[in-house]
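The values are calculated or read from the model by the stated rules, or taken from the named source; none is laboratory data. Being a predicted model, the structure only gives us computed values, none of them experimental. Using ideal geometry, Cβ is built from the backbone for each residue, glycine included, and neighbour counts are taken over all protein chains shown.
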Amino acid sequence: MYLDAVIRQLKIIGEATTRIPDQDLERVVGPDWTAIKGFRTIAAHAYWQIEPAAIDEIVADHLDGLVRAIDEAVEAMDQERSGGSAGS
């Protein structure tokens, strides 16, 4: 169950990235957006190819960095919209 739930959430993240313009994704340094989108494609269309060890690696090695990068990007976009500067 855990594995299925994690795969589903990663697939949702991948789907969301396909709806964000590339120029906006490029502003978020760190995540490999191509790999994230590619994982979504595999999870949706070739799920039998997903190895549990690969999911463990994504969670252990990449998820925290992705969350941090997204949080920073959202904060920066909020600052831009409000006309303020980061840290004010």
The range 1-17: number of residues that are of a type in the set (S, T, N, Q) and either touching a helix residue (DSSP H, G or I) at 6+ places or on another chain (Cβ under 6 Å) or part of a loop (DSSP other than H, G, I, E, B) (or both): 1
Cβ-Cβ under 6 Å pairs, at least 6 apart or on other chains, the range 19-41 side on the phi > 0 side of the Ramachandran plot, far side not hydroxyl-bearing (Ser, Thr, Tyr): 30/65; 30/69
Residue pairs meeting the criteria (Cβ under 9 Å; at least 6 apart or on separate chains; first surrounded by fewer than 16 Cβ atoms within 10 Å (Cβ to Cβ), in the range 1-14; second basic (Lys, Arg)): 12/40
Top-ranked residue in the range 45-61 [being touching a residue at least 12 places away in the same chain (Cβ under 8 Å) and within 16 Å of the chain's Cα centre (by Cα); ranked as farthest from residue 29 (Cα to Cα)]: 55
All positions within the range 40-81 that are acidic (Asp, Glu), within 16 Å of residue 3 (Cβ to Cβ) and part of a helix (DSSP H, G or I): 56, 57
Answer residue from the range 19-39, given it is at pLDDT below 90 and in a helix (DSSP H, G or I) and is nearest to residue 66 (Cα to Cα) among those: 25
